[in-house]
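Notes follow the structure.
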Amino acid sequence: MSGEFDEAYRCSIEDPEGFWAEAAQGIDWIEPWDQVLDDSKSPFTRWFVGAKVNTCWNALDRHVEGGRADQLALIHDSPITGSQTKFTFRELRDAVALFAGALAARGVGKGDRVIVYMPMVPEAAIAMLACARLGAVHSVVFGGFAANELAVRIDDCQPKAIVSASCGIEPTRIIEYKPLLDGAIEMAKHKVGTCMVLQRPQCAATMVEGRDHDWAEAVATAEPADCVPVLATDPLYILYTSGTTGRPKGVMRDNGGHLVALNWSMKNVYGVEPGEVYWAASDVGWVVGHSYIVYAPLIHGNTTILFEGKPVGTPDAGVFWRIIAEHGVTTLFTAPTAFRAIKKEDPDGKLIGQYDLSKFRTLFLAGERSDPDTLVWAETKLKVPVIDHWWQTESGWPMAANCIGIERLPIKHGSPTRAVPGYDVQVVDDACRPIKRGDIGSIVVKLPLPPGCLPTLWNADQRFIDAYMADFPGFYKTGDAGFMDDDNYVYVMTRTDDVINVAGHRLSTGGMEEVLSAHPDVAECAVIGVNDQMKGQVPVGFLVLKAGVNKPHEEIVAEVVKLVRERIGPVAAFKLATVVPRLPKTRSGKILRGTMQKIANVEEHKVPATIDDPGVLPEIAEALKGIGYAGG
Ligand code: COA
Ligand code: AMP
């Protein structure tokens, strides 16, 4: 080992201001900062205080002016519609400036919130960048969420406008977005005056006179808008993510720190040079889509791919290889679940051989734990380094990775390698004491968090403290548990809260329990995540019925499954529930979800000493066997 990584890491921890001030040279500032780091109100850390900047300028205009005007900026590859659209940096800048003009003409300006509820079309990225151009704050809501979830977000961030589309396209059906949007606006207390709707050829949306505007018509009459200077510490976006309850947390991202961190990560974490083609196969509704489909590649001068399709079935398990070959992708980033899906369809990787992957250098995986089987399969079949890396919506960019742009460290299967420069990752016990290497504890990050991480939650400073900063004073609680080995490699094993990871999507079991409890026949319930070969985890619900309910259990189960789909959305993948006579609890009444999960997954478990009645556990095992778990 040459020690370059150790040296970079040491500098970032010992002199964060010097380290990030140097990284900030990669960004165009309108006015320089007065202070690199203001930690006087910790845990509310502020980076590049006093500086003025515009994120859209850095993602587009500066490349147009700096010699990349004719380089491809964005390729929309949509096997699901059989189309491809390409934008050079100049074309994308012009499209963004026009849409920003259309928004501005409808009163959207600096600081206003704009919800973006769109499928994977280029207009989703254009809408995000247009907001950034105006200094407006976007909040993208994943298309797989139901109207109710959209309504909750409308009420929380109170948008001036919503940008949407007539439909999204899933392999088996067309999802009409407009009825969901209309339903959400109807449900929300906050009233939205303006909706911009992209009419897709696959289905036309009915417009509400006066409120809804056709995207194409609005753009046809718009004047291009210029970039509006904002403070580095002003919000760029809000992205809602699942927490312990059904009320999502509005993770806020600022402009300056985000620009610096993402730009730095492209070279140093991903080992990518400007001009190369980078592909994050995710969705703009998730943090991966924000950071690595839209912002980071463009800020860094890369061509990004916006993929509207699935890893399998659009049309087959070779679509990833087709895209890599056709567009000359050097770096792919996706979730392990996508690879599990491909491996299942094409176990011998026969389709890989049909494509020229000579430009392809590295595969990055994140979003959930990478199981070694999938990882080894990808390594063997693709013959490139496969790098597991760990991060979350709150961080916005990787917290642990093999930073191949600095120095490629040896890969250890099961570990996302080491803490990335800027992150002082530690593993502690409940009393916040460092624990022995190899022992599992809570994974925390010593404050201050580096640039790009959430400065707070939208309009919820106290919740920010309660959720992340209160349990381990001086540290940020990641919500993950795991351990570190003697080489400082991090191992992320499980969540410490009620969050589960379904096909790389972060979901709250607490949120699902709130929906189940709303069913009139349900007295009590619990939702746990059980292991799933394809999706990593899937939710399973346990229902205790109210006394005197005589309805057939299958009927109630079908109703709660429908209810979760209606209230949270299809993305929850909630398809399994079972009726049980009672739930296992501690003597103080806490439901033993962890023990239930171990029984479901046939993992070794001890009967907790605090259990109220051990006789409940065999009943749970029986019920689980009935739906194919617990060895049944
Ligand atoms: N709009 C509406 N519905 C959506 C949607 C969207 N944008 N995205 C997904 N859904 C629906 C799906 O149609 C599906 O509905 P169904 O229950 O009627 O089949 C449900 O939500 C679950 O979707 P998904 O998680 O995509 O599962 P799947 O079974 O359709 O596909 C995989 C499985 C593995 C192929 C898929 O999950 C995948 O590509 N995963 C990659 C994950 C990823 O990119 N994660 C981001 C983090 S890096
Ligand atoms: P999200 O906020 O949706 O990106 O989800 C973040 C969560 O996904 C983390 O807190 C982890 O629980 C999990 N996660 C992400 N990447 C990894 C990884 N490489 N290994 C294990 N878990 C991961």
Quiz item: Amide H of Tyr476: which non-local residues (sequence gap of 5 or more, or other chain) have their own amide H closer than 5 Å, using H built in the peptide plane?
Solution: Val445, Lys446, Leu447
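Hey, can you rank 451-458, 435-442 by average C-beta count inside 10 Å, highest first?
Ranking, from highest mean packing down: 451-458, 435-442.
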Quiz prompt | Cα-centre dipole for segment 320-476 with unit charges at Cβ (Lys and Arg positive, Asp and Glu negative), debye to 20 | solution = 500
Quiz item: How would Asp156, Asp480 rank on accessible area, largest to smallest, probe 1.4 Å?
Solution: Asp156, Asp480
Quiz prompt | 19 Å cut-off, amide nitrogen to a point 7 angstrom out along Lys446 Cα→Cβ, residues in segment 391-410 | solution = 399-401
Quiz item: At a Förster distance of 25 Å, what's the computed FRET efficiency of Lys344 paired with Gln84, Cβ-Cβ distance as r, to 0.05?
Solution: 0.40
Quiz item: Val137's amide H: which non-local residues (gap 5+, or another chain) put their own amide H closer than 5 Å, with H modeled 1.01 Å from N in plane and none for Pro or chain starts?
Solution: Gly111, Asp112, Arg113, Val114
Quiz item: Hey, if we sort Asp15, Asp485 by accessible area with the 1.4 Å probe, largest down, what's the order?
Solution: Asp15, Asp485
Self-check item: Residue-wise HN-Hα coupling along segment 162-170, computed from phi with Karplus coefficients 6.51, -1.76, 1.60 (Hz; x: Gly, Pro)
Solution: 10, 10, 9, 9, 5, 6, x, 10, 9
Exercise. Please list, in chain and number order, the residues 5+ apart from Cys167 or on another chain whose amide H is under 5 Å from its amide H, with Hs placed from the backbone.
Key: Tyr177, Arg200
Quiz item: In sequence order, what are the phi-derived ³J(HN,Hα) couplings for segment 599-604 according to the Karplus relation 6.51 cos²θ - 1.76 cosθ + 1.60 with θ = phi - 60°, rounded to whole Hz, with x for glycine and proline?
Solution: 4, 4, 8, 6, 9, 4
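Using R₀ = 35 Å, calculate the FRET efficiency as 1/(1 + (r/R₀)^6) where r is the Cβ-Cβ separation of Val49 and Glu7; round to 0.05.
On the way: r = 28 Å, r/R0 = 0.79.
Efficiency, from the Cβ-Cβ distance: 0.80.
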Quiz item: Counting only DSSP beta bridges with both residues in segment 503-626, what percent are antiparallel, rounded to the nearest 5?
Solution: 75
Exercise. Using Cα centres only, tell me the gap between segment 403-437 and segment 166-220 in whole Å.
Key: 44
Quiz item: Ordered by residue, what ³J(HN,Hα) values in Hz, to whole numbers, does segment 423-428 give under the Karplus form 6.51 cos²θ - 1.76 cosθ + 1.60, where θ = phi - 60° and Gly and Pro are x?
Solution: 10, 8, 7, 9, 10, 10
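If you count only protein heavy atoms with a 1.4 Å probe, what accessible area per residue comes out for the chain, rounded to a whole Å²? Could the numbers behind the result be given before it?
Details: 23650 Å² over 632 residues.
Heavy-atom accessible area per residue stands at 37 Å².
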Self-check item: Rounded to 5, the percent of DSSP beta bridges in the chain classed as antiparallel
Solution: 60
Self-check item: C-alpha center-to-center spacing [segment 510-568, segment 279-338] in angstrom
Solution: 34
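Can you compute the FRET efficiency between Asp429 and Met493 using 1/(1 + (r/R0)^6), with r the Cβ-Cβ distance and R0 = 25 Å? Round to the nearest 0.05. Intermediate results must be reported in sequence, preceding the final value.
Values: r = 15 Å, r/R0 = 0.60.
Step by step, r from the Cβ atoms, then E = 0.95.
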Exercise. With an 8 Å cut-off on Cα pairs and a minimum separation of 6 or more residues, tell me the relative contact order of the chain in percent.
Key: 12
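Once you have a ≥ b ≥ c as the square roots of the Cα gyration tensor eigenvalues for the chain, tell me rounded if a/c is under 1.5, and otherwise prolate or oblate according to whether a/b is larger than b/c.
Details: a/c = 1.44, a/b = 1.22, b/c = 1.18.
Rounded.
If I compute solvent accessible area with a 1.4 Å probe over the protein chains, what percent of it on the chain is carbon and sulfur? Please report the intermediate quantities before stating the final value.
Working: 11870 of 23650 Å².
Accessible surface attributable to carbon and sulfur in the chain totals 50 percent.
Only helical DSSP H runs with n ≥ 4 go in: add -39500 (n - 2.57) per run for the chain, normalise by residue count and round the 222 nm mean residue ellipticity to 500 deg cm²/dmol.
Numbers: 17 runs with 171 residues, N = 632.
Using -39500 (n - 2.57) per qualifying helix, the result is -8000 deg cm²/dmol.
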Quiz prompt | Lone cysteines, the chain (no partner Cβ under 4.7 Å) | solution = Cys11, Cys56, Cys131, Cys157, Cys195, Cys227, Cys403, Cys432, Cys453, Cys525
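The values are calculated or read from the model by the stated rules, or taken from the named source; none is laboratory data. None of these values were measured; they are calculated from a predicted model. Every residue, glycine as well, gets a Cβ built from its backbone with ideal geometry; the counts of neighbours run over all protein chains shown. With ligands, DNA and RNA removed, areas are computed over all heavy atoms of the protein, side chains included. Shrake-Rupley method; radii C 1.70, N 1.55, O 1.52, S 1.80 Å.
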